[in-house]
1. Applying 1/(1 + (r/R0)^6) with R0 = 56 Å to the Cβ-Cβ distance of S46 and L115, what FRET efficiency is obtained, to the nearest 0.05?
2. Please compare each pair in K60/K271; K60/K112; K383/K445; K289/K439 to a cut-off of 18 Å on the Cα-Cα distance and tell me which ones are over it.
3. Once Rh is set to the Kirkwood radius over Cα pairs, what Stokes-Einstein translational diffusion coefficient, in µm²/s, holds for the range 216-346 at a temperature of 25 °C and a viscosity of 0.890 mPa s?
4. Give me Rg over Rh for the range 17-78, both radii from the alpha carbons and Rh done the Kirkwood way, two decimal places.
5. How big is the chain by the Kirkwood estimate over distinct Cα pairs, in Å?
6. Kindly state, to the nearest 0.05, the FRET efficiency for Q87 paired with R438, given R0 = 30 Å and r defined as their beta-carbon distance.
7. With Cβ to Cβ distances under 14 Å as the rule, what net charge do the other residues near L52 carry (K, R +1; D, E -1)?
8. Give the long-range amide H neighbours of T275: residues separated by 5 or more places, or on another chain, with amide H under 5 Å away, using H modelled in the peptide plane at 1.01 Å from N.
Amino acid sequence: MLGHSRRSCIPLPKGWTAFVKAAVLHAIALAHHVIVYTRSWAADSSNARVRLAAEHNRLKEQVSLLREELRIKDARMASIAPHRRPQYRPGERMAILELKAARGWSLEQTAKAFLVTAATVASWMKRLDEEGPHALVQIREPVNKFPEFVRYVVERLKTLSPSMGKVKIAQTLARAGLHLGATTVGRMLKEKHRVPHPPADETDQATPDRVVTAKYPGHVWHVDLTAVPTGLGYWCPWFPWALPQCWPFCWWVAVAVDHFSRCAMGCTAFKNQPTSEAVRAFLGRTIAKAKKTPKYIVCDRGSQFDCDGFRDWCRRKGIKPPRYGAIGQHGSIAVVERFILTLKQVLSCLLLVPYRRDAFQRELDAITAWYNGSRPHTWLDGKTPEEVYNGHYPTNRKPRFEPRSHWPRGSPCAQPWALVRGRPGARLTLEVNFHAGRKHLPIVKLKRVA
């Protein structure tokens with residue numbers, strides 16, 4: 001029997017083990033390709049039960065992938081000797097205890113999750129009431145000039161919105177009534193953030209003699225197209241090493257932005273790269289909604305814009321011939337490109353990019369409304385695009401809170417300067433709401449506490 005078993009074995013090619021790892025990657029990528037197609041059909045079904053089943057299956061897969069990601073990271077930390085592992089900072093210890101209370105974990109469960117001993121977690125619990133800069137567990141480290149809760153507000157806002165830099169945090173808090181300098185916010189965060197600078201050249205024209213300067217809201221619009229992947233990427237291990245740029249692998253998004261106010265006038269999604277007729281229909285709907293026709297339109301030289309049909313449409317609408325950005329030059333249409341970058345950064349905060357067009361369009365509408373009405377703009381000195389577009393008084397110029405009790409009322413504060421609301425020495429608490437219930441679209445408010 002042993003001899004018969006040996007004779008019936010399938011002969012393997014010489015050096016077959018060298019291709020196993022590549023075959024595994026190919027098999028996983030092929031399975032992902034099949035799953036995307038299957039889920040897209042189910043997610044676009046008219047049967048609500050089929051759509052819920054597809055969403056449930058997608059969420060289960062994401063949870064399992066996140067668990068595998070955490071397992072790999074924990075395995076790396078567990079390979080280090082316990083006495084050589086980096087220690088948690090006082091603020092991180094408090095965050096661990098907060099998570100322990102929220103999850104209802106025991107000491108053993110908490111210790112296992114964060115690779116410490118149960119005795120360590122127990123010692124943190126016993127020393128919660130310690131005060132001073134050397135306390136084992138701290139809410140936030142104190143600062144020199146501002147009270148401790150100001151640092152807590154800044155770091156909490158950074159935790160809730162990681163994409164915010166120190167300038168954006170300072171502008172957001174100024175709109176809520178707390179004026180801090182960008183350098184002060186940077187010291188509180190104790191790490192360097194890159195401050196987004198306005199582009200040096202925003203003329204967006206192909207030649208210097210055709211420069212268009214926006215003089216009022218609705219004077220100049222920027223229009224562009226971009227692709228948003230549904231699975232966070234296009235890569236695959238076989239030729240041509242990329243998935244096709246069409247639904248269900250990505251959405252095509254058309255956007256229109258007002259140059260003067262940076263206000264997003266319209267944003268819509270397409271399953272495939274839109275034609276010139278589809279782009280013209282989108283712009284027609286946007287103009288009807290805004291009840292204002294721009295005098296100029298700035299765009300790139302894509303086939304949707306650089307054609308006779310688009311130029312004839314502009315002539316019929318009373319728009320000057322379209323102005324085109326320089327070919328292959330980054331920043332040629334910088335205003336709309338900056339909005340697209342913000343749009344993609346916000347969409348990347350979603351756990352799952354919707355497959356259904358109506359669901360994805362709702363996400364685009366929510367982001368556009370939040371961007372125009374609640375997000376301060378660096379180029380506009382902390383104002384929102386809607387405030388500039390509609391000519392409203394900016395919120396960051398209204399009377400502010402002053403947490404420093406001995407601050408002279410007439411002394412200048414961080415820009416923009418504003419009067420003090422009430423008495424100096426106000427104690428504040430951070431209140432964060434979310435636009436349309438979406439955690440990635442924060443609306444920040446400050447409330448005075450006793």
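What follows is calculated from the coordinates using simple rules that are stated; it is not laboratory data. Predicted model, so just to flag it, every value in this text is computed and none were measured. Here the Cβ is made from the backbone with ideal geometry for all residues, glycine too, and neighbour counts use every protein chain on show.
1. Calculated value: 0.70.
2. Those over the limit are K60/K271; K60/K112; K289/K439.
3. It comes out at roughly 158 µm²/s.
4. We get a ratio of 1.14 for the range 17-78.
5. Hydrodynamic radius (Kirkwood, Cα pairs) of the chain is 26.3 Å.
6. Efficiency at R0 = 30 Å is approximately 0.25.
7. The answer is +4.
8. Amide H to amide H, under 5 Å and 5 or more residues apart or across chains, T275 pairs with nothing.
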